[in-house]
Amino acid sequence: MTVVKAKDLIKDYGLNGSTVHALRGITLEFQSGEFAAIAGPSGSGKSTFLHLAGCLDTLTGGTLSVGGQDVANLSKKQLALLRRNSLGFIFQAYNLIPVLTVMENIAFPLTLLGVGKTEIRDRVLQALQEVGLEGMEKRRPKEMSGGQQQRVAIARALVKRPALILADEPTANLDSKIGREILEIMVKLNKNAGTTFLFSTHDPLVMDYARRIVYIRDGQIEKDQVK
Amino acid sequence: MNFASLFELKRMAFRSLARHKAKTILTCAAIMVSVAVYIFMDSWIAGMERESRRNIINYELGAAKLQTKMYFAKKDEMPAYETFQDWETYRDILDESGYHAAPRYVFSGTLYSATGSAPILFNAVDPTAEKRMMAYTGYVELGRFIREGEFAVALGAMTAEKLKAGIPTRPAAPELEEILASELLSAADGDFIRSCYEASETKAAGENLAEGGELRFILKRNLPTGDFDRLWGLMDAIGRNDVRISTVIDLKALPDSIRWDKWVGELWPELTGWEQALLGKLYELDEEEQLYFFTGGGEDEKAAALEAMIRAGFSGAIRHTNQVIDVKVVGMVNSPDPANNFNVGYLPLDILQDEAGMMLEGQVTELLIRDKKMGAADMTSPLENPKTIRAALERGLARRSQTLPSELDVFFWMDYMEDYLGYEAMESGSSRIFSYLLFFLAFFGISNTMLLAILERTKEIGMMRALGMTTGQLYFTFMIEAGLLGILGAALGVLLGCLINIPMVKYGIDFSGMLEELGGNIGYRVAGNFRGAWKLSTIIGSIPVAAVISSLMAFFPIRGAAKKEITSSLRFE
Amino acid sequence: MQKKITVIWALLLSLFGWGALCAQTPRAEELLRRVDQNEVYQTIEYEGEMIIEYQSRRYVKTFHAWVRGNSDSFMEFTNPEDRFTRYLKRSGRLFFYSPDTEEVIPISGHLLKESLMGSDLSLEDTVNNESLESRFNAAIAGEEVFNGRPAYVLDLNAKNRGESYPRQRLWIDRENYDLLHYELFALSGVKAKEWTLIRSEVFGARRFPVESEMRDLLRRDSRTIFIMRNVILDQPIADSIFTTRNLER
């Protein structure tokens, strides 16, 4: 099943009065179960592509379908619902809510989905187990190391079993040992649960683990490499 | 979005408040102060309003009045000529229907004492009826209330004091000396009078004297009743209580002749068509004398013509006769309603019937009406609706095969108090502006707090939106947060306001000195002690109101956050 | 009709010289007519001065006055404390202008009876210009010497209810018919005011009181000397004087 399907994808945005052509016609597909990375130097357009695939931004031209829906025709609210139902995000800076406990942070997407309280609890505990943080549900983010926080973020992304998890430089803030642990978890999830992962990165470690790497330069695909 | 998710978002709002303690406390304190001040001022105003209204009803007007429609139309001029007869019948009917009724003839005049004069509003009353329904009669502080058949007046205490009538309560040394110098007093009398006073506190008096001020004496308030009576008797004996009322008797009378220029200039243009026709019939022009002469007409026609002239405001139809009435001051009224204590006098109605009085011949200007079940602490009852009273009157008259004359009607106390009610509205309005200003500042604080909170959490907001939070949920979360801030502050404010209010309601603040300086006229009908009143609606209402206002104050900062691109929110540092 | 008959009767009686029969002691009505002839005017313009002595204090008020008939009058005070204070009586309606508030205030008829600027006179006293004869029944009560002048004493009783002072007593000079003194009584019979002539002046065929003293007997230790200067009698006065515009000028 095709999770992301982009055709002649164009994204321009204004910056200080001039127009930046971030993506200049990208045609790309990702299938369910992939563990793929978009790579390229800063300003290559890899993050822009990830944001478009994550329905966080609107495209300028071409077509893009995410989870089978053509995103160009969706309203802001419909986009929010699409993200809520089908997508998971992992950010470079973890972006946990500091006032909430680990349990509550992971529960947040389920709360938005309106899942019942007991079910939330069960699913959160399971997600915690999957990322190896059993027993830490009552902690606050600031009481944890960076790696632990990123694991919480992964649990938050996978707890609703999305069709696609988008990870924007997930290891950039971690040292290589911890980064490797994080990636191992994600690989395991991909293998065991079939969760689809799409990274944007320039970390060789991530590229090591990725089974497919799409190189982007100046808004265009340079190379699409499948290992 | 179901309830569970709302609940979860609310929890987040709570936690956020807890995280930003200093800011939360500061904002809460601002709201607390503004709410407390508002509650305090509102209680104060409510107390003054309630007391004023109660006083007006129980000390001044009764709940309603039977009066001629013409008097009511011209009430600001106090048209003493707008009288009516047969009030005894109306009183009896009202009595049968469960109402007290008290007749009054109200007129203005000047009261001359041995030392000065003052303009006075005189109420000629039936002392028995008055005692039954008007509470001021229980506040004759010194002396006694008037009795039927005596040429006597009970005066507002402040005015009596000013005119040096009755017993002086705070005489300056020379005033007391003057009294004691009277040849009509024996040495024993003099000693007795001295014994009734004590010098005002030595220290204060000394200071006053040093500044060239006067030594004052204060009447002892704990004397036996007999002593007060004796004191009053001595004041009587030296002539201190002999006063003269100078006034004008206004009579409505159809003029025998009207000068041509007045007829043309003053009367004719003010008349309606049929009134012109009527007067044209009753009067005839004598061209040589330049006068319109009355040529005769039926009683009904004469009455209608007079009515027309009064309605047209024609001065020639009202004759003024100077009158001087000698009376004795028998009492000093000092009631909780200052309107009774300044420039007001009460006379027996029955002494004013003939040439020695006001030529009333059974006429009164009004009949005050009050539900018998209502007491001095009560406002009005449903029975005191003017329509209900009128219906009762009409039923009673029908039983006697009579009808209510068309010129009479029943008016509610509020109809007479436009000035006061206007003042009340203005006063409460202006007092509230101050608290609104405080409110505004406090809630501006909320807006600012929320703006900072939202700015600080830009990245968090970006993440939550990325995770599928809709704009609606975003508004909900942060408005709840602001609302909680409002509720918390308001709850504390209510607590503080109520704590301040307890003594305000229980004891009040004494302003009687200031009141005296202002001649008793502060608009509110409250004498001396100003007390607050619990106003439950404000106390309960301020919390949700504060919550709603706070939430609304968060609206604009949230809108700013909602308009931001998610990607740029996420990049925000 | 009645009025006409009275006029005719009066003409007939004077034709028959009925009045001459009683030449020695004039009839009370005749005396009253003489007083009216001296004192009632069509118009008057004068500069007035009131010297008020009240409880051992003395105030002087000066003003300029115009009066027309019995319904129109205009007064403007000129002494420094009260400068530009103005009163207008127009068609029986009274207006007051205070320079402090710069407002024209209509006043109810009662003020006509009240003290004018703290004096013993009421506004009514200064503009009273109605014939006594038409309003009172008169009777001679006797003869007295008043202030060194032989005088008739006349008692007046109002013909109608509603007269301002229903009872008055007048002292009239036997020789020149000057009104020397009068007393005004309230309805109850209490004497309210006393007026005494100080000086009168001759204007054509009439003698007009230009200086007098008024005492309001209700006020303790109070009297007011009223002086009229530059008196102009019975000359037309412009309508523009008796306007509210003139008040606010």
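The values are calculated or read from the model by the stated rules, or taken from the named source; none is laboratory data. None of these values were measured; they are calculated from a predicted model. Counting neighbours? That spans all protein chains shown, and the Cβs are built from the backbone with ideal geometry, glycine included.
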The number of residues in the range B:203-225 that are more than 35 Å from the chain's Cα centre (by Cα) and modelled with pLDDT of 90 or more is 0
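With the structure loaded, tell me whether B:Glu301 is out of contact with any Phe, Trp or Tyr (no Cβ under 6 Å at 6 or more places or on another chain) and within 12 Å of chain C (Cβ to nearest Cβ) or whether it fails that test.
Working: out of contact with any Phe, Trp or Tyr (no Cβ under 6 Å at 6 or more places or on another chain): yes; within 12 Å of chain C (Cβ to nearest Cβ): no.
Taking the combined requirement at face value, the residue does not satisfy it.
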request  = Taking B:Gly331 as the residue in question, decide whether it is modelled with pLDDT of 90 or more, more than 16 Å from B:Gly166 (Cβ to Cβ) and surrounded by 20 or more Cβ atoms within 10 Å (Cβ to Cβ).
outcome  = no
Taking the range B:306-356 and the residues there that are in a helix (DSSP H, G or I) and more than 14 Å from chain C (Cβ to nearest Cβ), the one that is farthest from B:Tyr112 (Cα to Cα) would be B:Ala308
The residue from B:Gly62, B:Gly138, B:Gly116 that alone is at pLDDT below 95 and within 27 Å of B:Ala237 (Cβ to Cβ) is B:Gly116
Matching residues in the range A:1-52 (of a type in the set (S, T, N, Q) and part of a helix (DSSP H, G or I)) number 2
- Task: Look at A:Val206 and say whether it is in a helix (DSSP H, G or I), within 13 Å of chain B (Cβ to nearest Cβ) and crowded, with 19+ Cβ neighbours inside 10 Å.
- Result: no
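Which residue is surrounded by the most Cβ atoms within 10 Å (Cβ to Cβ), if the candidates are limited to the range B:54-99 and must be on the phi > 0 side of the Ramachandran plot and away from every other protein chain (no Cβ under 14 Å)? Let's see the steps before the verdict.
Just the residues of the range B:54-99 that are on the phi > 0 side of the Ramachandran plot, to begin with: B:62, B:78, B:86, B:98.
Still in the list and also away from every other protein chain (no Cβ under 14 Å): B:62, B:86, B:98.
Working: B:Gly62: 27, B:Asp86: 14, B:Gly98: 12.
Ranking the candidates gives B:Gly62 first.
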Selection over the range A:116-139 where residues are surrounded by 19 or more Cβ atoms within 10 Å (Cβ to Cβ) and either facing chain B (nearest Cβ under 10 Å) or assigned to a helix (DSSP H, G or I) (or both) yields a count of 6
Practice task
Go through the residues of the range A:112-122 one by one and say whether even a single one is touching a helix residue (DSSP H, G or I) at 6+ places or on another chain (Cβ under 7 Å) and at pLDDT 90 or above.
Solution key: yes
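What residue, among those in the range C:36-82 that are in a loop (DSSP other than H, G, I, E, B) and of a type in the set (Val, Ile, Thr), is nearest to C:Ser98 (Cα to Cα)?
Within the range C:36-82, the subset in a loop (DSSP other than H, G, I, E, B) is C:40-42, C:55-56, C:69-71, C:78-79.
Filter once more, keeping what is of a type in the set (Val, Ile, Thr): C:40, C:78.
Details: C:Val40: 30, C:Thr78: 13 Å.
The residue in question is C:Thr78.
Can we say B:Thr169 is closer than 30 Å to B:Ser195 by Cα, away from chain C (no Cβ under 14 Å) and either of a type in the set (Gly, Ala, Ser) or in a loop (DSSP other than H, G, I, E, B) (or both)?
Values: closer than 30 Å to B:Ser195 by Cα: yes; away from chain C (no Cβ under 14 Å): yes; either of a type in the set (Gly, Ala, Ser) or in a loop (DSSP other than H, G, I, E, B) (or both): yes.
Here the answer is yes, as B:Thr169 does meet what is asked.
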Checked pairs for the range A:21-41, first on the phi < 0 side of the Ramachandran plot, second assigned to a loop (DSSP other than H, G, I, E, B) and exposed (fewer than 15 other Cβ atoms within 10 Å of the Cβ), C-beta under 8 Å and 6 or more apart or across chains, list as A:Arg24/A:Asp218; A:Gln31/A:Met1; A:Ser32/A:Met1; A:Ser32/A:Gly194
| Would you say A:Lys76 is under 15 Å from A:Gly54 (Cβ atoms), within 14 Å of another protein chain (Cβ to nearest Cβ) and either surrounded by 20 or more Cβ atoms within 10 Å (Cβ to Cβ) or modelled with pLDDT under 90 (or both)? | yes
Quick one: would you say C:Glu49 is touching a residue at least 12 places away in the same chain (Cβ under 8 Å), away from chain B (no Cβ under 14 Å) and either touching a helix residue (DSSP H, G or I) at 6+ places or on another chain (Cβ under 6 Å) or of a type outside the set (A, V, I, L, M, F, W, C) (or both)? yes
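Of everything in the range A:144-191, what is of a type in the set (Val, Ile, Thr), farther than 23 Å from A:Leu112 by Cα and part of a helix (DSSP H, G or I)? Give them in sequence order. Write out each step before concluding.
So in the range A:144-191, the residues of a type in the set (Val, Ile, Thr) come out as A:152, A:154, A:159, A:165, A:171, A:178, A:182, A:185, A:187.
Subsequent filtering for residues that are farther than 23 Å from A:Leu112 by Cα retains A:171, A:178, A:182, A:185, A:187.
Scanning the range A:144-191 gives A:Ile178, A:Ile182, A:Ile185, A:Val187.
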Among the residues of the range B:69-83, the number that are part of a loop (DSSP other than H, G, I, E, B) and closer than 15 Å to B:Ala317 by Cβ is 6
Of the residues in the range B:100-146 that are surrounded by fewer than 19 Cβ atoms within 10 Å (Cβ to Cβ) and in a loop (DSSP other than H, G, I, E, B), the one that is nearest to the chain's Cα centre (by Cα) is B:Arg144
Taking the range A:101-114 and keeping residues facing chain B (nearest Cβ under 10 Å) and either without any contact (Cβ under 8 Å) to a residue 40 or more places away in the chain or among the hydroxyl-bearing types (Ser, Thr, Tyr) (or both) leaves A:Thr101, A:Glu104, A:Thr111, A:Leu112, A:Gly114
